[in-house]
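A.B. asks: Encoded as C-alpha cells, here's the structure I'll be asking about.
Taken together, the values in this text are just the output of simple stated rules run on the coordinates, not laboratory data. Every value quoted in this text rests on a predicted model; they were computed, and no experiment measured them. All Cβ positions, glycine included, derive from the backbone under ideal geometry; neighbour counts span all protein chains shown.
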Amino acid sequence: MPSPGPVNRLRWGRLSELFPLRVLFSRTDGPEVDHVSAASSLLRWLRSCSRLEVRAVQGREEIRPAGHHVVIAASERTPGDAEVAALAGHLRAGGGLLLLGGTLAAWSRNPGFAELAGGRPGPAGPRTELRVRPQPGSPLAQRLDEEIRLTDRLQLAERPVEGVDPLLTVAWHFGDQVVAWLRPVGAGRLVHLGLGCVPEVFGSTAYQQLVHRCVWAAAGMDTPAALGVGLYGYGAIGREHAGSIVAVDGLELQGVCDRSPQRLADAAAHFPVSAHLESRSLLEDPRVDVVVVGVPPTLHLPAVLECLEAGKHVVCEKPFALRVDEVDRMLAAASSSRRTVTVYQSRRWDPDFLAMREAVRRGAIGDPFYLEAFIGGFGHPCSYWHSDESTSGGTIFDWGSHYFDWMLQLLTGEVVRVAATAHKRVWHDVTNADQVRVDVAFEGGEQATFLQSDVAAALKPKWYLLGTGGAVVGDWRLETVSERAWTGDLVEQRLQPAESPATVRLHRPAPGGVDVTELAIPARAVNGFYRNLADHLLLGEPLAVRAEEAKRNVAVMEAATRSAAAGGRAVELRA
C-alpha cells in the first residue's frame with residue numbers, strides 16, 4: 001500500500017430538519033485506492049435521499065466541534081493530535097462520527113485516536129465475496145435482507161473492541177466477525193463500518209443503504225414510527241398488496257375500502273383491518289398515512305386526487321393512467337399537497353430482468369440499440385376487467401405497463417416516434433384486441449418492438465436485445481408443476497410462460513464465433529416495492545419508482561393506442 005497523500009478535498013453537507021452532516025474523503029498517492037473518485041457514486045446516492053443535502057467544497061478545512069453534526073470519513077491519512085482533539089471534542093459534545101473501510105485502521109496509528117475508538121482493527125483480508133448480516137434489533141436491520149453479499153476486503157479484528165454495540169457481522173472462517181459497531185463517546189456516537197476497502201463497493205446500492213443507516217445510528221436517531229396503510233379497492237390483487245404490507249417492517253395495514261361486502265369480508269377474514277364501504281370513511285381515518293389505489297385504470301385519476309386531497313401518500317396500481325394529461329393532474333396535486341405518489345411497477349424486481357439490466361449497465365453488450373420483447377401464447381383472454389377495453393384502456397395497457405417500464409430502463413434515450421397495429425380475429429367475446437404490436441423509435445436511432453398476442457401458437461423470446469458489443473436473449477421456460485392426488489395419481493399442471501423467470505443468456509463475439517454464457521438469476525427481493533416505499537417515507541432513501549418515470553410509460557402507451565386507432569400511422573412525441 002503506498003503512503004497516504006494529503007487530504008485534497010472536503011465534502012460536507014447537512015441532513016435537513018434532522019442533523020447536520022459532514023463528509024470527508026482523501027486520496028492516496030497510488031492507484032490502488034482512490035476514495036475521492038470511488039465515493040462519487042455514494043455521494044450521488046446520498047444527495048438523492050430526500051432528507052439529505054450534500055454540497056462539495058474544494059480545499060482543506062480543520063475538523064472542529066459542530067454540535068450534533070455527523071462526520072463521515074473514508075481516509076487513509078493519519079490525523080494529527082490537534083485533529084484528534086477536535087474529533088474528541090466533537091463526539092463529547094454530542095456529535096457523531098462514521099468511519100468507512102480502512103479509516104479506523106489508518107486513524108488508529110495515532111495513539112490518541114486508538115484510545116478514543118477503544119481499539120484498532122487488524123490488516124485487511126483478501127478481496128472476496130462477503131456475507132454481511134445485520135444484527136437483529138439494531139438500527140440497521142429494518143427491511144434489510146438477512147444476508148447481504150458484497151465483494152470487499154474485510155478489516156480483521158486483532159481483538160474485540162470493548163463497550164460497543166454490534167451492528168453488522170460477516171461470516172468468516174466458520175464464525176462471525178463484527179464488521180460494524182457503535183461506541184458511545186461522551187454524548188456522541190462513533191460508528192465504524194469496516195466495509196469500503198474496495199473502491200467499487202461504493203457504487204453498490206446495498207452498501208449505500210448500509211452507510212445511510214450508519215449515519216442514522218451515529219446521529220442517535222430513533223427508528224421512525226410505522227406508517228398506516230389503507231387499500232382503496234380490494235380486487236384480484238388486493239390480497240397480494242395486503243400480504244406484502246403486513247410483512248414489511250414500518251408498514252401497518254389499517255383499513256380496506258371496497259363496494260363489495262363479499263370482498264370486504266374476505267379481507268377481514270385474512271387481515272385484522274377495519275372495513276369501509278365508502279372511500280370517505282377510509283380517508284378520514286387518522287391512522288392511515290398511505291393509500292394504495294387498486295381500482296380499474298379508468299378510475300385512477302379521481303381516486304388518486306381524492307386521496308391526495310385528504311393528505312395521504314399514494315401508491316397507484318399500474319398503469320398509472322390512460323393519458324398523459326391525467327398524469328400531469330396527479331403530479332400537480334401531489335406537488336401542491338407535498339405528498340408522495342408512486343406506481344406499483346412491481347416487476348422491476350423480477351430476477352430475470354435484474355440479471356439482464358445488470359449486464360447492460362456494466363457494459364457487457366456495449367451500447368444497446370435494438371430490442372424485441374414478447375408476451376403471449378394461444379389462449380382465451382381472462383373474463384376479468386383486464387379484457388375490457390373501455391375499463392382497462394386496451395391490450396396495450398395490460399402487459400405493456402410492465403414491458404414499456406422495462407424497455408425505458410434499458411434504452412434510456414428520448415422517445416420520438418411510436419407506431420402500433422392491432423388484430424381482432426379470434427376472441428370476439430372480449431373487447432380487447434387479440435394482438436398488438438408497438439414499434440418505438442428513439443432520438444439516438446435506437447429501436448424497440450413490443451408484441452403481445454393471445455393468438456401466438458409459437459412463442460418468440462421474452463427479450464432479444466442487441467448492443468454494439470454483444471446481445472442478451474431471454475428465453476421462456478416451459479415448466480410443469482407436479483403433485484400427487486389423494487388417489488396417488490400424478491397431477492401435472494403446465495405453468496404459463498410468464499409464471500417462471502426466463503433463462504437469460506449473454507452472447508458476445510469471440511475469435512472464431514460467439515461465446516454464450518447463461519447469466520445467474522439473483523434471488524427475488526421479497527416485497528421489494530413496499531420495502532423501498534417504507535425506506536423512502538421513513539428514512540428519506542430514494543424512491544425506486546418515481547411517478548415521472550411512470551409518466552413516460554403512459555406517454556408511449558397513449559401514443560401507441562392513438563396509432564393503432566389510426567391504422568398504424570406513426571405518432572410523433574417527446575418522452
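A.B. asks: Kindly identify the range 68-145 as rounded, prolate or oblate by the Cα gyration tensor criterion: order the square roots of the eigenvalues as a ≥ b ≥ c, call it rounded if a/c is under 1.5, otherwise compare a/b with b/c, prolate if a/b is larger, else oblate.
C.D. replies: Oblate, since a/c reaches 1.5 and b/c is not below a/b.
A.B. asks: Still on this structure: How about the range 370-440: which trypsin sites (Lys or Arg not before Pro) there lie in a loop by DSSP and see at most 10 other Cβ atoms within 10 Å?
C.D. replies: Arg425
A.B. asks: What list do you get for Leu490, Leu100, Leu190 if you sort them by fewest beta carbons within 10 Å?
C.D. replies: Placing the least packed residue first, the sequence is Leu490, Leu190, Leu100.
A.B. asks: In degrees from 0 to 90, rounded to the nearest 10, what is the angle of the helix 400-410 Cα long axis to the longest principal axis of the chain?
C.D. replies: Helix 400-410 sits roughly 40 degrees off the main axis of the chain.
A.B. asks: If you line up the long axis of helix 261-270 against the longest principal axis of the chain, both from Cα atoms, how many degrees apart are they, to the nearest 10?
C.D. replies: Its long axis makes an angle of about 30 degrees.
A.B. asks: OK, next. Using a cut-off of 10 Å between beta-carbons, work out the net charge of the residues near Pro296 (Lys and Arg +1, Asp and Glu -1, Pro296 not included).
C.D. replies: -2
A.B. asks: What percent does the relative contact order of the range 395-502 come to when contacts are Cα pairs within less than 8 Å and at least six residues apart?
C.D. replies: Across the range 395-502, relative contact order equals 17 percent.
A.B. asks: May I pose another question? Beyond 47 Å, what share of the Cα-Cα pairs of the chain remains, rounded to the nearest whole percent?
C.D. replies: More than 47 Å apart: 22 percent of the Cα pairs in the chain.
A.B. asks: Could I ask something else about it? Restricting to DSSP loop positions (anything but H, G, I, E, B) with no more than 15 other Cβ atoms inside 10 Å of their own Cβ, which GluC sites (Glu not before Pro) remain in the range 184-284?
C.D. replies: Glu278, Glu284
A.B. asks: Over the range 227-344, calculate the relative contact order: mean separation of alpha carbon pairs under 8 Å at least 6 apart, over the residue count, as a percent.
C.D. replies: Relative contact order for the range 227-344 comes out at 24 percent.
A.B. asks: Computed over the Cα atoms, what is the radius of gyration of the range 227-344 divided by 2.2 N^0.38 Å, N being its residue count?
C.D. replies: Taking N as the residue count of the range 227-344, the ratio is 0.98.
A.B. asks: In addition: Can you put Tyr403, Tyr370 in order, fewest other beta carbons within 10 Å first?
C.D. replies: Fewest-to-most Cβ neighbours within 10 Å comes out as Tyr370, Tyr403.
A.B. asks: Another one. What are the trypsin sites (Lys or Arg not before Pro) within the range 278-368 that DSSP puts in a loop, where the Cβ has at most 11 other Cβ atoms within 10 Å?
C.D. replies: When the trypsin sites (Lys or Arg not before Pro) of the range 278-368 are filtered for loop state and at most 11 Cβ neighbours within 10 Å, Arg338, Arg362 remain.
A.B. asks: What order do you get for 426-434, 289-297 when each peptide is scored by the mean count of other beta carbon atoms within 10 Å, highest first?
C.D. replies: 289-297, 426-434
A.B. asks: On to the next question. Only Cα pairs under 8 Å and at least 6 apart count here; give the relative contact order of the chain as a rounded whole percent.
C.D. replies: 11
A.B. asks: I need the phi-derived Karplus couplings for the range 552-569: 6.51 cos²θ - 1.76 cosθ + 1.60, θ = phi - 60°, integer Hz, Gly and Pro marked x.
C.D. replies: Rounded to whole hertz, the list is 4, 4, 5, 4, 5, 5, 5, 5, 5, 5, 5, 5, 5, 5, 9, x, x, 5.
A.B. asks: Right, next: Round to the nearest 10 and give me the degree value, 0 to 90, for the angle of helix 81-92's Cα axis relative to the longest principal axis of the chain.
C.D. replies: Helix 81-92 sits at roughly 60 degrees to that axis.
A.B. asks: Before rounding to the nearest 500, sum -39500 (n - 2.57) across all DSSP H runs of length at least 4 in the chain and divide by the residue total; then give [θ] at 222 nm in deg cm²/dmol.
C.D. replies: So the calculated ellipticity at 222 nm is -8000 deg cm²/dmol.
A.B. asks: Sticking with this one: Which whole-Hz couplings ³J(HN,Hα) result when phi for each residue of the range 381-386 is put into the Karplus expression 6.51 cos²θ - 1.76 cosθ + 1.60, θ = phi - 60°, listed in order with x for Gly and Pro?
C.D. replies: x, 5, 9, 7, 5, 4
A.B. asks: Using the Karplus curve 6.51 cos²θ - 1.76 cosθ + 1.60 with θ = phi - 60°, work out ³J(HN,Hα) for each residue of the range 43-50 in order, rounded to whole Hz, and write x for Gly and Pro.
C.D. replies: Couplings: 5, 4, 5, 5, 5, 7, 6, 5 Hz.
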